[in-house]
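Since every read-out is calculated from the coordinates, none of them should be taken as a lab result. Just so you know, these numbers come straight off a predicted model, no measurement behind them. Here the Cβ positions follow ideal geometry from the backbone for every residue, glycine too, while neighbour counts run over all protein chains shown.
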Amino acid sequence: MSKLKIAVQKSGRLNEDSMQILKDVGISIDNGKDQLKASAKNFPLEIFYLRNGDIPQYLKDGVVDVAIIGENVLIEKGNDIKIAEKLGFSSCKVSVAVPKGVKYNSVKDLEGKRIATSYPNTVNQFLEKNGVKANLHIINGSVEIAPNIGLADAIVDIVSSGSTLFKNNLKEAEVILKSEAVLAVSPQISNDNQAILNRLQFRLQSVLKARQ
Ligand code: PRP
Ligand code: MG
């Protein structure tokens, strides 16, 4: 019998809430945390623990059928992937931030500036839309340190509680987009697995409703 393949974040912010929502829909998983793959005991589901940034490509290639992922990651890397369900957790923003003492009136202030980010496509789209040209420094993590070490004038990164900005003497200057965890679907999902997905979504919807 066919099984629905779902990707969840291996570690990081979404992991715990992703596993919790699967539990809440009544799926019990048979694993060792160190395993990268696990099966559900009572539902035709296989779980793959993957790195966030790799998940959009796995969806595109049909290696997995669905994923629990931050909408912001899809916007950055997964333009043709559909969202089946918004999951109501892991809300965050992708924002421009600048050092506390720096004035920021509008996006025009970024003209000619150096911007450090892990979200180059999102930033480029934002700049293009506003007719601003800037220089991007692409880094994979700890982006907030860039202004302090003289690598950038501004950053674009995820803001959740705001505490990382605060600790690094930065202030949020502009929100580019808002995001939350979503259930994303591969364009290559088979009919059999789509039928399993429908069952999963049905359960998810009642859990989400009960959480409201
Ligand atoms: C994420 C993100 C921000 C921070 C936002 O970083 O890149 O830096 O969390 O959360 P906050 O507003 O609640 O402080 P993470 O800690 O995941 O590390 P990384 O950037 O090194 O991947
Ligand atoms: Mg960070």
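Points worth noting:
- Most simply put, region 31-165 has about 55% antiparallel DSSP beta bridges, counting only bridges with both residues inside it.
- Prolate/oblate/rounded label for region 92-179 (Cα gyration tensor, a/c 1.5): rounded
- Computed over region 92-139: relative contact order in percent, which uses C-alpha pairs under 8 Å that are six or more apart: 41 percent
- For region 97-145, applying the loop criterion from DSSP together with a ceiling of 16 other beta carbons within 10 Å to the GluC sites (Glu not before Pro) yields 111.
- Alpha carbon centroid spacing (whole Å) that separates region 34-95 from region 108-159: 25 Å
- Value of relative contact order over region 74-174, rounded to a whole percent, pairs C-alpha under 8 Å and six or more apart: 39 percent
- Cα gyration tensor, region 5-108 - rounded (a/c under 1.5), prolate or oblate: prolate
- Cα gyration tensor shape for the chain, rounded if a/c is under 1.5, else prolate or oblate: prolate
- Relative contact order of the chain, defined on C-alpha pairs under 8 angstrom at six or more residues apart (%): 28 percent
- Dipole of the chain [Lys/Arg +1, Asp/Glu -1 at C-beta], most positive-end residue of 212, 182, 143: 212
- At an R0 of 25 angstrom, the distance between the Cβ atoms of residue 1 and residue 35 translates into a FRET efficiency of 0.70.
- Using the rule -39500 (n - 2.57) for each DSSP H run of four or more residues, divided by the residues of the chain, the 222 nm mean residue ellipticity is -8500 deg cm²/dmol.
- In this Cβ point-charge picture (+1 for Lys and Arg, -1 for Asp and Glu), the chain has a dipole of about 280 debye about its Cα centre.
- Those lysines that a straight Cα-Cα span of less than 29 Å connects to residue 82, excepting residues fewer than 8 apart in one chain: 3, 5, 10, 23, 33, 37, 41, 60, 93, 129, 178, 209
- DSSP-loop chymotrypsin sites (Phe, Trp or Tyr not before Pro) across region 84-178, with at most 10 other Cβ within 10 angstrom: none
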